[in-house]
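Worksheet for the structure shown next.
The values are calculated or read from the model by the stated rules, or taken from the named source; none is laboratory data. The shown structure was predicted, so the numbers you read here are calculated from the model rather than taken from an experiment. Because the Cβ atoms are built from the backbone with ideal geometry, glycine has one as well, and the counts that use them run over all protein chains shown.
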Amino acid sequence: MPVHRADAQHDVVGPYNRLSASQANTYLACPRLWFFEKVYRFKMPQIPVLFIGRAVEEALCRVLRDSPSLVSASAPSNALGPSPFLEDGQPEEETHPAWPARNLMPLFPHERPSSRAELSEWARARCAMHLPPALERMKEAWEKDERRAGDWAEVDEAMCLEMVVNGVHFHLDEVERCFEKGGGPLLSAWRCGDRPLHPAPDGYPFPSFAENHPLATDAGITWAEAWEVARPWFVDPDAPGFTMNAIHPEHWFQGEYDLVYRWDGTARIVDIKASLGANDRSGDYVEQMRDYAMLWYVTHERKESVAGLEIWYLKHPSIKSVPVPSNEELELIEGELEGLWKRLRQQTPSLEDCPPSPRPVRGFSAGGVPATAPDEVRCERCDWRAVCPGGSGPEQPSIPSSYQLPGASSLTPLEPIGSLDPRVTVRGEVFSVRGRHGQRPAIVHIKQDTYDAQIQIVATEDSEGQSTVEVELERGVPLLVRNAVFSVNWKGEIVLKIDPMARVEHDTDPSEESSSLFDKQAKHNIAGMVVYTYEKSGIGKTGKRWSRKGMMIMDATGATKVEGWADDWNHQYDLVQEGDTVALANLGLDAWASDVRGDYTRQSTLHIMERVNGSTA
């Protein structure tokens, strides 16, 4: 069972507070690096190679999903359409008409590959069909990313195709072993139509077939059948994101396997890497596989261990086998990870709790083979060296409590970033409603004495799937608007945003504490050290192009993004460098869940207080 969902009734951790193998590896590489990226939410530059890896894996999985008994070599990439899933990742009912494999007529036996050479030729043709649209999707995602870096024109599509083909060849080795073993111990069950709880994605519904599998034969196993039987489980590329995880029974750890082979009656986990494996990260991959072995063990009632762990380096190409830990080692791994979760996630540590103490860089040659460690320090290549004392940054950003802005008649008081709180709980009575709360965006106006505000519902459910609006919105209904995001729009109107942390309730308890609409501070002045700047743009629903600019800044108490329309920023934005100390005055606040952001408008001011080289602006 490669998917193990959370038990909603007993999950006190929640989807945003679990530990993962990548988080654990980041912390072990450097606690301060983990803090910057997981607590302060710094986002590293998004270079094309990060997206290429996802495109290669998607294309490989789509080839594995195709069937040589249903899809011809020259069929378009969408010949086997997407499987239907609900938003939570559960498959649609068996009777749902959108299951794509049921809508295709099987090829005649003579049209199916009948040897490894023919199957390899078919699979390579499918690789060539699936890679271009996968790359195009990733290019679009890269272009939309506010932290995109590098040049997509340097992407070598031929190399990407070769990596997908290499992955298919590794899979064909499994198919050949399956063929030589007569289909293995599960052939008979497969032919009879039996399917495991989470079958390998193939376009068919999840339940077992009422009769024999529609692609089965009744003689010796064929090469086309061996492809079906040997197909590993993987995350269906069309499934909703983050819904195919295996979650620890106590909910504090989760992971998502790339491939799980099960055709021989045992489970072997494979991790796909679109790389050479000749760097420090190869050490992380080994630890990740050991963590996944633990996860498999505990999600199978501690009665079943994996039979094998492999890392496929597609650019080399080579397969690295990772020794499977013993049950005693798995228990130790679990204990160490649980201890790490308690340290990092049960209660968020402070910056001081996560010192800049990087471990030595490890050496590996192509294929993840251990080699002599390079003569380099991890801090030298860290994305955050300009703002970290382990690099060239100060021990703590030194920010004054007030500052004389150019043209201002008096000192401007500066608030610590960690004190910024955009949330408020207020009472009011519904005055008008546009749209309904089940249709986004719904806009509700409320009255509070002589004041009024707009309720903007941007999330109808919280993180646990509960409704954020617990009352029928009708004129005259008394409301308690709890934990809403307070802001003022360009018209000067008060806006109360309902996101997954906010809620609209009936006002039934007068003892509930609430605020006046005019108690909340609307504008804020902050200062901090610039971590990075970013820009993003696109085309709106009206066809007009939009452009926004922003920056991530930090002080000794916290970090936040500040973002606004590109035309609203003053000229100093283009002069800012990483490590500069800046003041930002007259900002609004915005938030989504736990992320708080400064809202820069044309009434706001940016001023460079001190250059990274120590000079004043």
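Numbers for the structure displayed
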{"item": "Residue satisfying all of: in segment 402-437; among the polar types (S, T, N, Q) and touching a residue at least 40 places away in the same chain (Cβ under 8 Å); nearest to residue 472 (Cα to Cα) among these", "result": "432"}
{"item": "Boolean, residue 151 is acidic (Asp, Glu), loosely packed, with under 15 Cβ neighbours inside 10 Å, under 22 Å from residue 317 (Cβ atoms) and not assigned by TED's automatic domain parsing to the domain that holds residue 276", "result": "no"}
{"item": "Residue within segment 328-341 that is in contact (Cβ under 8 Å) with a residue 60 or more places away in the chain, farther than 14 Å from residue 26 by Cα, of a type outside the set (Lys, Arg) and in a strand (DSSP E or B) present", "result": "no"}
{"item": "Filter result for residue 481 (within 21 Å of residue 599 (Cβ to Cβ), in contact with a Ser or Thr (Cβ under 8 Å, 6 or more places away or on another chain) and part of a strand (DSSP E or B))", "result": "yes"}
{"item": "Test for residue 74: is it in contact with a helix residue (DSSP H, G or I) (Cβ under 9 Å, 6 or more places away or on another chain), surrounded by fewer than 14 Cβ atoms within 10 Å (Cβ to Cβ) and of a type in the set (Gly, Ala, Ser)", "result": "yes"}
{"item": "Check on residue 401, over 29 Å from the mean Cα position of the chain (by Cα), within 16 Å of residue 585 (Cβ to Cβ) and not β-branched (Val, Ile, Thr)", "result": "yes"}
{"item": "Residue among 190, 142, 122, 99 that is modelled with pLDDT of 95 or more and touching a Lys or Arg at 6+ places or on another chain (Cβ under 6 Å)", "result": "142"}
{"item": "Residue count, segment 91-126 (criterion: in contact with a Phe, Trp or Tyr (Cβ under 9 Å, 6 or more places away or on another chain) and under 20 Å from residue 237 (Cα atoms))", "result": "8"}
{"item": "Meets criteria (of a type in the set (Lys, Arg), surrounded by 15 or more Cβ atoms within 10 Å (Cβ to Cβ) and without any contact (Cβ under 8 Å) to a residue 24 or more places away in the chain) for residue 195", "result": "yes"}
{"item": "Boolean, residue 241 is modelled with pLDDT of 95 or more and under 23 Å from residue 65 (Cβ atoms)", "result": "no"}
{"item": "Selection count, segment 299-314, where residues are in a strand (DSSP E or B) and touching a Lys or Arg at 6+ places or on another chain (Cβ under 6 Å)", "result": "3"}
{"item": "The lone exception for residue 520 - which of (1) touching a helix residue (DSSP H, G or I) at 6+ places or on another chain (Cβ under 9 Å); (2) assigned to a loop (DSSP other than H, G, I, E, B) it fails", "result": "(1)"}
{"item": "Single residue of segment 370-401 satisfying the filter (free of Cβ contacts under 8 Å to residues at least 24 places away in the same chain and of a type in the set (Val, Ile, Thr)) that is surrounded by the fewest Cβ atoms within 10 Å (Cβ to Cβ)", "result": "372"}
{"item": "Only one of 342, 315, 303 that is surrounded by 15 or more Cβ atoms within 10 Å (Cβ to Cβ) and at negative phi", "result": "315"}
{"item": "Residue in segment 244-256 that is out of contact with any helix residue (DSSP H, G or I) (no Cβ under 6 Å at 6 or more places or on another chain), modelled with pLDDT under 95 and farther than 23 Å from residue 312 by Cβ present", "result": "no"}
{"item": "Of all residues making up segment 263-298, the number that are crowded, with 19+ Cβ neighbours inside 10 Å, assigned to a loop (DSSP other than H, G, I, E, B) and in contact with a strand residue (DSSP E or B) (Cβ under 7 Å, 6 or more places away or on another chain)", "result": "3"}
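One line per residue, one yes/no per condition, for (1) over 21 Å from residue 419 (Cα atoms); (2) modelled with pLDDT under 90; (3) exposed (fewer than 14 other Cβ atoms within 10 Å of the Cβ):
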{"site": "509", "(1), (2), (3)": "yes, yes, yes"}
{"site": "520", "(1), (2), (3)": "no, yes, no"}
{"site": "526", "(1), (2), (3)": "no, no, no"}
{"site": "530", "(1), (2), (3)": "no, no, no"}
{"site": "540", "(1), (2), (3)": "yes, yes, yes"}
{"site": "546", "(1), (2), (3)": "yes, no, yes"}
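Here is a yes/no grid of residues against (1) under 30 Å from residue 611 (Cβ atoms); (2) at pLDDT below 90; (3) in contact with a Cys (Cβ under 7 Å, 6 or more places away or on another chain):
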position: 386; (1), (2), (3): yes, no, no
position: 390; (1), (2), (3): yes, no, yes
position: 397; (1), (2), (3): yes, yes, no
position: 416; (1), (2), (3): yes, no, no
position: 421; (1), (2), (3): no, no, no
position: 433; (1), (2), (3): no, yes, no
position: 441; (1), (2), (3): no, yes, no
position: 445; (1), (2), (3): no, no, no
position: 454; (1), (2), (3): no, no, no
